[in-house]
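Below: one structure, written as structure tokens.
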Amino acid sequence: ISVRVMLFLLIFFSLTGAEHHDDLNINEDIIVHTPRQLNDKSSSEDLSFVSDITMLLHQTFGTRPKENTTSPDAGKVLSNSSESSSGLNVLLIQTDQQRFDMIGKIQNMLPHYKDKTTIQTPNLDALMESGTTFNRHYVQSPSCGPSRGVQRTGCTIARTGVQSNKLVDEEIYKRNELILDKVKSLVGFDQILASRGYNCEVYGKWHVPIHLKYMEGSNEERAVRYDSYDFETGKHIAFAKPEAQIAKSLFRPCLDFFKDRLREELRDGEQRNTQSKYPYTPVRMDQRYGLSPAVKARGQTFQIGRDSLSRNFTVSRCQVIPIPSAMKRL
């Protein structure tokens with residue numbers, strides 16, 4: 001189940017499933033798109049996607065799009081002028097490993113949470129209050145890769161060929177010619193927007209076929225310009241190796257940069273989080289509760305407890321560090 005909220009400047013907040021469930025942290029991915037000058041080769045067919053977004057934004061906030069009197073589709077697509085090409089930004093915020101009811105405002109709406117301890121999510125509550133909530137929205141798959149593939153392409157998992165998390169990896173899907181053809185024929189909204197003059201950047205987990213980060217039909221020209229961050233230099237960068245881009249996170253580089261502030265040694269009763277590599281205190285539901293730290297964890301799903309990392313070093317916090325400077329630069 002997925003709840004999606006449409007917000008100011010067309011912010012989409014999407015809750016999907018994931019390959020592993022980390023009860024200690026919630027991943028968060030930020031996709032930023034800003035318009036550059038649109039080129040003269042733009043076709044009305046390809047621009048229809050942008051047009052739909054434009055019209056939806058204006059309908060939502062009661063404004064009217066600027067008209068382009070030189071176009072047969074005046075008022076429906078972005079005009080080829082510097083004035084209008086700088087008028088629309090798209091920001092997509094996508095959380096990972098989060099149930100639909102893991103928002104305080106939603107829990108307060110559900111009867112089975114009455115008189116129960118609920119979570120406090122003031123920022124998410126504020127997004128819901130200022131936007132539109134779709135409470136009967138369903139994703140195609142509870143798994144991360146297939147769900148993200150649907151969202152990025154608008155196709156069902158039967159059409160994308162990405163029907164499992166492993167099928168986002170080219171080394172896997174190229175073994176089957178039918179699936180390979182399906183995946184290679186996919187076109188994502190990053191590619192469409194980039195081809196029509198947008199600067200596209202992604203920070204956080206990707207987990208869809210890697211060719212969707214490149215311009216349609218190219219293995220070198222990038223649709224997604226930057227997708228990583230150098231904590232040492234403070235610069236936005238692109239992953240050098242394509243194979244590293246599938247599910248690469250900013251979490252580990254962030255922790256490595258701030259490691260002098262963090263405690264690595266285990267104390268009595270603690271286990272080591274297999275994602276962060278830092279200690280946490282397990283609760284009874286945890287598979288290793290009361291056991292030796294030498295016992296190997298079966299996966300993030302079974303790691304439940306209180307993290308030793310502060311809120312300043314969660315996955316979400318590390319992922320958003322590059323965002324303010326990226327948005328200001330764009």
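Mind listing the phi-derived Karplus ³J(HN,Hα) values for the range 256-264, rounded to whole Hz, using 6.51, -1.76 and 1.60 with θ = phi - 60°, and x for any glycine or proline?
Once θ is set to phi - 60°, the couplings for the range 256-264 become 5, 5, 9, 4, 5, 8, 10, 9, 9 Hz.
Residues with beta-carbon under 11 Å from that of residue 140, excluding residue 140: net charge, scoring Lys, Arg +1 and Asp, Glu -1?
With Lys, Arg at +1 and Asp, Glu at -1, the neighbours total +2.
Going by accessible area, probe 1.4 Å, with all protein chains left in place, what is the ranking of 211, 112, largest first?
112, 211
Given points 7 Å out from each Cα along the Cα-Cβ axis, report the residue 113 to residue 274 separation in nanometres with one decimal.
Simple spin-label model gives 2.9 nm for this pair.
Quick one: which of 318-324, 116-122, 250-256 comes out on top by average Cβ neighbours within 10 Å, and what's the full order, highest first?
Packing order, densest peptide first, comes out as 318-324, 250-256, 116-122.
For the range 81-191, what class follows from the C-alpha gyration tensor (a ≥ b ≥ c being the square roots of its eigenvalues): rounded when a/c is under 1.5, otherwise prolate if a/b is larger than b/c, else oblate?
Judged from the Cα gyration tensor, the range 81-191 comes out oblate (a/c at least 1.5, b/c at or above a/b).
Using +1 on the beta carbon of Lys and Arg, -1 on that of Asp and Glu, and nothing else charged, what's the dipole of the range 217-306 about the Cα centre, debye to 20?
360 debye
What is the distance in Å between the Cα centroid of the range 139-203 and that of the range 279-330?
27 Å
On the first, second and third principal axes, largest extent first, how far apart are the outermost C-alpha atoms of the range 112-156 in Å?
40, 24, 17
Name the residue from 138, 122, 92 whose Cα lies farthest towards the positive end of the charge dipole of the range 82-155, charges +1 on Cβ of Lys and Arg and -1 on Cβ of Asp and Glu.
Working it through, the farthest residue towards the positive pole turns out to be 138.
For a quick protection proxy, order the peptides 201-207, 88-94, 135-141 by their average other-Cβ count within 10 Å, most packed first.
201-207, 88-94, 135-141
Provide the per residue accessible area, probe 1.4 Å, for the range 247-296, rounded to a whole number of square angstrom.
64 Å²
For residue 222, which sequence-distant residues (separation of 5 or more, or a different chain) have an amide H within less than 5 Å of its own amide H, given hydrogens modelled in the peptide plane?
Residues meeting the amide H criterion: 215.
The values are calculated or read from the model by the stated rules, or taken from the named source; none is laboratory data. On a predicted model such as this, the values are computed, not experimentally measured, just so you know. Cβ coordinates were reconstructed from backbone atoms using ideal geometry, including for glycine residues, and neighbour counts include every protein chain displayed. Surface accessibility is based on the protein's heavy atoms, side chains included, excluding ligands, DNA and RNA. Shrake-Rupley method; radii C 1.70, N 1.55, O 1.52, S 1.80 Å.
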